[in-house]
Each structure stands twice: as structure tokens, then as C-alpha cells.
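The values are calculated or read from the model by the stated rules, or taken from the named source; none is laboratory data. Keep in mind that this is a model prediction, so the values were computed, not measured. FYI the Cβ positions are ideal-geometry reconstructions off the backbone, even for glycines, and counts take in every protein chain you see.
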Amino acid sequence: MKPKIGVMGGASGPHSKENIEKAGAIGKAIAEKGAILFFGATTGLPLEAAKACKKAGGFVVGVSPGENEKEHTEVYGYPTEACDIMVYTGMGLAGGRNIVLVKSCDAIVLIEGGIGTMNEFSIAYPAKIPIGVLEGSGRFADEVERLEKEVLKGKYGTTLIFEKNPEKLVEKIVSAAKAMKQKP
């Protein structure tokens, strides 16, 4: 089966032009590696990655907080155009949808982000889901290394990959995801 890579990060902006380009590079690289991109069916940087993945011939799964398309688009104001498949959770934004999203992935990539990204990280970390962090992208992503060293201290043995280059980050995280799929 193809590795499932979640792209987590800043949904609300503004975002730097550099982060928008890097999110697109992440999505394109996921498609080129033959992986499936999962995201929160949201806006911002995850959407940029999803659109680039789809444009590069990749497959995209959105995990919505809404219970149907109408709620997804009208209540949350989220797009649908970047998704090949949409999973409607009906769980809202307060964490429920994030559990379904993260636990559906073989690995995740963090770019920038705020409290939602922090929540996704806190689901993946104890579950030992490999986490790739785009270094220098700002906000929560730039705090992960400090959190690991000062607070978490490798408690769960989760694979953390820190990389500044989006394509290299995807290459490393896809390899980590494939390695995890081999473990019993």
C-alpha cells in the first residue's frame, strides 16, 4: 500500500510567499514519491500542499470537521476542490477531526502552524507516528525541536525529522513511513 502522509500546518494566514511555495513543494514531492496526501480539508498551507499534490498527479484525501459537504463549505467555509476523497467526520474543529486525520496517516509533516498543528503533533507524538518538521517555517514548527529537548526528551521514541528543504523532508518522511509499516 502507498504511504499516507499528512500535511499539517497553518490554515489561517497571512503566510509568507516562501512558506506558500514550500507547502507546494511538499505536496508535489508527496505526489512524486507515490504517497497519498492527507490534510484537514482546510485552507492555508495544507491546501497549498494538497493543490500541488493533485496538480502533480497525486492523490489527496481531505478529513473534514463537517458531517457533510454542506456543513463543510457553508459552516466552516472550507474548500473541496483539492480533494479526491473527502471523509466527513462531523467532529468539529476541537480535536475530534484531528484524531481521525492523524491516526489515518503513516507519517505527518508540519509546516508553520498554531494550536491546531500543536494538537495534531500531540496526537502523533505518543502514537509514534513519524513527524517531519520543516525547519525555519515559523510558529509551532519552530518550537518542536525545543519541546523535544526540554519537555518530551524522547519519551516515546517517536521519529522526528528536521529539515529545511521541502523535497528532502518528504523523501526522509516517506522513508520513515515505509519503515514504520514494516514493523509488527
Failed condition for Val87, given (1) assigned to a strand (DSSP E or B); (2) more than 16 Å from Val7 (Cα to Cα): (2)
Complete set of residues in the stretch 113-161 that are closer than 24 Å to Gly13 by Cβ and outside any helix (DSSP H, G or I): Gly113, Gly114, Ile131, Gly132, Val133, Leu134, Glu135, Gly136, Ser137, Gly138
Which listed residue is under 21 Å from Glu135 (Cβ atoms), crowded, with 16+ Cβ neighbours inside 10 Å and either modelled with pLDDT under 95 or of a type in the set (Ser, Thr, Tyr) (or both), from Gly6, Gly10: Gly10
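Just for the stretch 86-97: of the residues that are within 16 Å of the chain's Cα centre (by Cα) and modelled with pLDDT of 95 or more, which one is surrounded by the most Cβ atoms within 10 Å (Cβ to Cβ)? It would help to see each step written out before you state the result.
We begin by selecting, within the stretch 86-97, every residue within 16 Å of the chain's Cα centre (by Cα); these are 86-87, 93, 95-97.
Applying the additional criterion that residues be modelled with pLDDT of 95 or more yields 86-87.
Numbers: Met86: 18, Val87: 15.
By that ranking, first place goes to Met86.
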Only listed residue being at positive phi, charged (D, E, K, R) and surrounded by fewer than 18 Cβ atoms within 10 Å (Cβ to Cβ), chosen from Lys178, Lys168, Lys153, Lys164: Lys153
Pairs with Cβ under 9 Å, 6+ apart, first in the stretch 39-63 and free of Cβ contacts under 8 Å to residues at least 60 places away in the same chain and basic (Lys, Arg), second surrounded by fewer than 24 Cβ atoms within 10 Å (Cβ to Cβ) and part of a helix (DSSP H, G or I): Lys51/Gly24; Lys54/Ala31; Lys55/Gly24; Lys55/Lys28; Lys55/Ala31
In the stretch 31-68, residue surrounded by the fewest Cβ atoms within 10 Å (Cβ to Cβ) [restricted to those that are assigned to a helix (DSSP H, G or I) and within 11 Å of the chain's Cα centre (by Cα)]: Leu47
Test: Glu171 is of a type outside the set (S, T, N, Q) and more than 18 Å from Leu47 (Cα to Cα): yes
